[in-house]
Amino acid sequence: QVQLQESGGGLVQAGGSVRLSCAASGLTFTLYNMGWFRQAPGKERELVAAISGFGDSPYYPDSVKGRFTISRDNAQNTVYLQMNSLKPEDTAVYYCAAIRRTDAYTGQYGWDYWGKGTLVTVSS
């Protein structure tokens, strides 16, 4: 049974930083590319960062490029999202997701496994 468990969300002031973690179990971690999505109230879920199973070639959309950094520790089966210079519009539930390493990881669809999400609230 695959489980992705996010942690690290909370309330932060604008301009601040938060680091999210996602611990994976029940899968061969290195065989999966990993991603972070977010969904704000009334908006569609969007991919904000992704990284290959090898831990290279990170992907970021323009909305977070330069502010967010994704990384992974394959020995710990964990993926991280470091978020800096946070803005109120970054407020959302953040989800961890996994997709097979043979599949592309820069798109919104086709992800195999999802976590339950962690809420990040950025106050102005």
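The values are calculated or read from the model by the stated rules, or taken from the named source; none is laboratory data. Only a predicted model underlies this, so the values are computations on that prediction, with no experimental measurement involved. Cβ placement follows ideal geometry from the backbone for every residue including glycine, while neighbour counts extend to all protein chains displayed. Areas reflect the complete protein model, heavy atoms only, side chains present, ligands, DNA and RNA absent. Shrake-Rupley method; radii C 1.70, N 1.55, O 1.52, S 1.80 Å.
Details
- Some residue of the range 97-113 being within 19 Å of residue 12 (Cβ to Cβ) and modelled with pLDDT of 95 or more: no
- Against the test of being touching a strand residue (DSSP E or B) at 6+ places or on another chain (Cβ under 6 Å), farther than 21 Å from residue 110 by Cα and not hydroxyl-bearing (Ser, Thr, Tyr), the options 11, 47, 4 yield a single qualifying residue, 11.
- Cβ-Cβ distances below 8 Å connect no pair with a first residue in the range 1-16 that is surrounded by 12 or more Cβ atoms within 10 Å (Cβ to Cβ), a second residue that is part of a strand (DSSP E or B) and at pLDDT below 95, and a separation of six or more residues or different chains.
- For residue 122, the conditions (1) open to solvent by 40 Å² or more (accessible area, probe 1.4 Å); (2) aliphatic (A, V, I, L, M); (3) modelled with pLDDT of 95 or more; (4) more than 15 Å from the chain's Cα centre (by Cα) are fulfilled apart from (1).
- At least 2 residues being touching a Lys or Arg at 6+ places or on another chain (Cβ under 6 Å) is the threshold, and among the strands (runs of 3 or more DSSP E) wholly inside the range 47-124 those reaching it are 78-83, 92-100.
- Screening the range 73-111 for residues that are among the charged types (D, E, K, R) and over 15 Å from residue 25 (Cα atoms) and picking the one that is least open to solvent (accessible area, probe 1.4 Å) gives 90.
- Residues in the range 17-46 that are assigned to a loop (DSSP other than H, G, I, E, B) and under 13 Å from residue 92 (Cα atoms) were compared, and the one that is least open to solvent (accessible area, probe 1.4 Å) is 40.
- Cβ-Cβ under 7 Å pairs, at least 6 apart or on other chains, the range 97-117 side among the basic types (Lys, Arg), far side surrounded by fewer than 16 Cβ atoms within 10 Å (Cβ to Cβ): 100/31; 100/112; 101/31
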